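The structure appears right after this line, and notes come after that.
The values are calculated or read from the model by the stated rules, or taken from the named source; none is laboratory data. Just so you know, these numbers come straight off a predicted model, no measurement behind them. Accessible surface is based on the protein model in full, side chains and every heavy atom, while ligands, DNA and RNA are left aside. Shrake-Rupley method; radii C 1.70, N 1.55, O 1.52, S 1.80 Å.
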Amino acid sequence: MRNLALIPAVLMLGTGAAFAQGTNPQVEDTDGPNMVIEVADAEGTSKGTIVLDLREDLAPNHVARLVELAESGAYDGVVFHRVIDGFMAQTGDVEHGRQDGDTAMAGMGGSDLPDLEAEFSDASFDRGTVGMARAMDPNSANSQFFIDLAPAQFLDGEYTVVGQLIEGWEVLDSIKKGDAATNGSVTDPDVMQSVTIVTGDEPAEAEADATEG
């Protein structure tokens, strides 16, 4: 078992601090692939689709990892195990976070693939920024990632920025929140029902429509 507490203690908001959600930032779709995530509640009812623009220009190795796991189906059925209101929603534990398994250890695992070397950049963590979760070792990111619900510039230069949410803000905000007393751990969490990758000239909107059909 990988004894990891992702994200580590510095981000546990033990002081009870909360961050203002704020308005949606101005974002654009870059040349990288898009990750299309169909979000559902614990009962399987769809909440809608979010689209993440993956930033190969900032973190090519981490983007390649997300693409590989998504295309293999590893992310399908993985829960949002840790969601802190006014901070972030974390998911991607393909080892312990599958809805059809025992999620008691969700957040403590990764994948069968090796951990990644950090790819820190000058990109700032804003609302909708996607970062790679890790343990205390900067080079321990693997499969878990988080999406910021509010600006979190205190993460700048400490975590790898791997993408940005470009569609589905209301779906992001609707993801079930966890208990602040247990560091955001979620009971009956929402789930990434399906995760697909769109590349090239194929629009993310078309893929989103297909998953909803």
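Among the numbered conditions (1) among the charged types (D, E, K, R); (2) open to solvent by less than 20 Å² (accessible area, probe 1.4 Å); (3) more than 12 Å from residue 198 (Cα to Cα), tell me where residue 56 comes up short.
So the condition that residue 56 fails would be (2).
Looking only at residues in segment 137-150 that are open to solvent by less than 40 Å² (accessible area, probe 1.4 Å) and in a loop (DSSP other than H, G, I, E, B), which one is nearest to residue 171 (Cα to Cα)?
The extreme case among them is 149.
Say we look at segment 92-129 and pick out the residues that are of a type outside the set (S, T, N, Q) and in a strand (DSSP E or B); which of these is farthest from residue 172 (Cα to Cα)?
Out of the qualifying residues, it is 116.
Can you give me the number of residues within segment 157-202 that are open to solvent by less than 10 Å² (accessible area, probe 1.4 Å) and assigned to a helix (DSSP H, G or I)?
2
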